[in-house]
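Okay, so here's the structure we're looking at.
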Amino acid sequence: MKQVDYIIVGQGIAGTMLSWFLMKRGFSVVVIDDGKKNSASRVAAGIINPVSGRRFEPAWLYEEIYPFAKSTYDELSDLLKINILTERNLWTVFPSAQMRDAFKAKADKETNGKYAVIPQQLQYEEYLQQDFGAAVIKGATVNLKNLLPAYREMLISKEALLDEHFELSQLQLVNNVQVTYHDIAAKKIIFCDGAAAATNPYFSAIKFLPNKGEVLFIRVPGLESSDIIKKSITLVPQPDGQFWAGSSFAWDYADELPTAAQRVVLEEKLQQLLKVPYEVTDQQAAVRPSGHDRRPIAGFHPEYPLIGIFNGLGTKGTSLAPLMADHFSRVIAGETEIMPEISVNRYFNMLRQ
C-alpha cells in the first residue's frame with residue numbers, strides 16, 4: 001500500500017489550500033478529486049471583498065485574512081508560473097439613497113476610508129444605471145480557473161493526486177490507528193469536498209446550508225473595465241473580454257443544472273444595472289456549502305478522530321481559505337489549539353446540550 005500522512009478529499013479552494021500548507025509543514029498527502037467542472041470553486045468568480053452584506057460590515061478578521069491571502073497567492077503564482085491574484089476596485093452602485101447614506105456612515109465610522117470611499121466623480125455613466133451614485137471598495141479577485149488546474153498538475157507531478165470520484169464505501173478505519181482507501185493508507189482523512197459533505201454520515205450533526213448558485217457569462221459591447229461592478233448583480237471582468245455575471249441563490253433545487261427560471265432572475269438584475277444591450281454567452285450552476293453561522297468548519301470528529309473536515313468557507317472562500325488552512329495545518333502539527341469559531345466541535349457540543 002502507498003503510505004501517506006493525510007488523504008484529502010476534494011481539490012476546490014479548501015482542499016487546495018489545506019494540502020498546500022500540510023505539504024509545506026512536511027506532511028505527505030494524497031488528494032482525491034474527480035475534477036468536477038461545476039464544483040463551487042470552479043464556477044466561482046473568486047471575489048475578495050473587505051465588507052459584507054447590505055450593512056457594509058467589515059469582513060470577519062479581514063485585517064489578518066487579506067495580507068495572508070495575498071502573500072499565499074503571490075507565492076503560488078511564483079511557484080506555478082501563473083497569475084492568481086489581481087487587486088481590483090469594486091465599483092459598488094447604490095440601489096437607493098438610503099443605502100448610499102448607510103454606506104457613507106459605515107465607511108466613515110468603521111474604516112475611515114481605508115477600504116471604501118465615495119468617489120468625487122462617477123464612472124461608467126454611459127453604461128450603468130446609477131442614479132444614487134456609487135462607492136469604490138478596494139478588493140481583489142483570485143483566478144481559480146488558473147489556480148486549480150495548475151495546482152492539480154503539480155499534485156500529479158508529485159504523485160499526490162488520485163483522479164476519481166471518492167466512494168465513502170471504500171473507506172476503512174483500521175483499529176483506530178489508520179485509514180485505508182483502495183491501496184492508500186494514511187494516518188487520517190480530511191473531507192474538503194464542498195457540498196458533498198452535507199450527505200456525509202460522519203458529519204450529519206453539522207447544520208449545512210447548501211444552496212445553488214447560477215451565473216451568466218456576458219459580453220457588453222464597449223464596456224471595458226478592470227473593476228468588479230456590483231449592484232443587484234456582480235460583474236467580474238474575464239480575460240477574454242467577457243463578464244462573469246452572478247450570482248443567484250436557491251435553497252430548493254432539483255439538481256445542479258442551470259435553469260431557465262434563474263436565467264430570468266439574473267437578466268432582470270442585469271437590466272436594473274445596465275443601460276446598454278448585452279449578449280449572454282453561457283450559463284453555469286453549482287451548489288455551494290456553508291454552515292449555519294457563516295464560519296468555516298474545521299477539525300476532527302470527536303468519536304472518529306481519524307476523520308476530519310475543512311469546509312463551509314462559503315462565498316468568501318478565496319479570502320478565508322489561506323489563513324484558515326494554515327491555521328488548521330498548525331493545529332494538525334500540534335503547534336496551536338483550533339479557533340473555537342471554526343471548530344467542528346461547536347456542532348457536536350450543540351447535540352450534547
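The values are calculated or read from the model by the stated rules, or taken from the named source; none is laboratory data. It should be emphasised that the depicted structure is a prediction, and the values quoted were computed from it without experimental measurement. Don't worry about glycine lacking a Cβ; one is built from the backbone with ideal geometry, like all the others, and counts go over all protein chains shown. The protein model used for the area step is the full one, side chains on, heavy atoms only, and it has no ligands, DNA or RNA in it. Shrake-Rupley method; radii C 1.70, N 1.55, O 1.52, S 1.80 Å.
Take every Cα pair under 8 Å in the chain that's 6+ residues apart, average their separations, divide by the length, and report that relative contact order as a whole percent.
24
Within the full protein context, the accessible area of Lys158 is estimated at about 120 Å² for a probe radius of 1.4 Å. Over the chain, the pair-distance histogram of Cα-Cα distances with 20 Å bins from zero comes to 29, 56, 14, 0 percent, rounded to whole numbers.
For Leu171, the accessible area of its heavy atoms, probed at 1.4 Å with every protein chain present, is near 20 square angstrom.
Filter the chymotrypsin sites (Phe, Trp or Tyr not before Pro) in the stretch 36-92 down to the DSSP loop ones having no more than 16 other Cβ atoms within 10 Å, then list what survives. Can you show the working numbers first?
Values: sites: Phe56, Trp60, Tyr62, Phe68, Tyr73, Trp91; in loops: Phe56, Trp60.
Here the chymotrypsin sites (Phe, Trp or Tyr not before Pro) that fit, given the DSSP loop and packing criteria, are Trp60.
Run the simple label-point estimate for Asn38 and Lys114 please: 7 Å along Cα→C-beta, distance reported in nm. Result for the modelled spin labels: 4.1 nm.
In the assembled protein chains, Lys145 presents an accessible area of approximately 100 Å² (probe radius 1.4 Å). Assuming R0 = 22 Å, what is the FRET efficiency of Thr86 and Asp240, from their Cβ-Cβ distance, to the nearest 0.05? E(calc), rounded to 0.05, equals 0.90. According to the Kirkwood relation over distinct C-alpha pairs, the hydrodynamic radius of the stretch 123-254 is 19.4 Å. Summing charges over all other residues whose Cβ lies under 11 Å from the Cβ of His292, with Lys and Arg as +1 and Asp and Glu as -1, gives +3. Can you return the lysines within cross-link range of Lys2? Criterion is Cα-Cα under 27 Å, with same-chain partners fewer than 8 residues away left out. Counting by Cα, and skipping residues close in sequence, Lys2 has these lysines nearby: Lys24, Lys36, Lys158, Lys187, Lys188. Rolling a 1.4 angstrom probe over the stretch 149-202 with all protein chains present gives an accessible area of which 48% lies on carbon and sulfur atoms.
For the chain, return all DSSP H helices satisfying: extent of Cα atoms along own axis at least 15 Å; mean Kyte-Doolittle hydropathy at least -1.0. Going by DSSP H runs, the hits are 13-24, 62-80, 144-157, 260-273, 317-332.
Net charge within 12 Å of Ser248 by Cβ-Cβ distance, Lys/Arg positive one each and Asp/Glu negative one each, not counting Ser248 itself?
+1
Computed over protein heavy atoms with a 1.4 angstrom probe, the accessible surface ordering of Lys37, Lys104, largest first, is Lys37, Lys104.
For the stretch 286-291, backbone phi angles converted through the Karplus equation (6.51, -1.76, 1.60; θ = phi - 60°) give residue-by-residue couplings of 7, 9, 10, x, 7, x Hz, Gly and Pro being listed as x. These residues, Asp34, Asp5, go from largest to smallest accessible area, 1.4 Å probe, as Asp34, Asp5. Using a Debye calculation, one point per C-alpha and no hydration shell, please list log10 I(q)/I(0) for the stretch 267-353 at q = 0.15, 0.25 Å⁻¹ in order. Relative scattering, expressed as log10 I(q)/I(0), comes to -0.67, -1.31. Inter-part distance, the stretch 203-267 to the stretch 160-197, computed on C-alpha centroids, equals 32 Å. The largest accessible area among Leu209, Leu22 belongs to the first residue in Leu209, Leu22, and the rest follow in falling order (1.4 Å probe, all chains). Could you tell me what percent of the accessible area of the stretch 229-302 is made up of carbon and sulfur, with a 1.4 Å probe and every protein chain present? Carbon and sulfur together cover 51 percent of it.
Close lysine pairs were tallied over the stretch 38-146: pairs 8 or more places apart or on different chains with Cα atoms under 30 Å apart number 16. Computed over protein heavy atoms with a 1.4 Å probe, the accessible surface of the chain works out to 46 Å² per residue. Taken over the C-alpha atoms, the stretch 1-94 has Rg and Dmax values of 16.2, 59 angstrom. In straight Cα distance, which aspartates and glutamates are under 15 Å from Lys231, not counting same-chain residues fewer than 8 positions off? By straight Cα distance, Lys231 reaches Glu125, Asp131, Glu267, Glu268. The tail of the calculated P(r) for the stretch 200-286, taken as Cα-Cα distances beyond 22 Å, holds 33 percent of the pairs.
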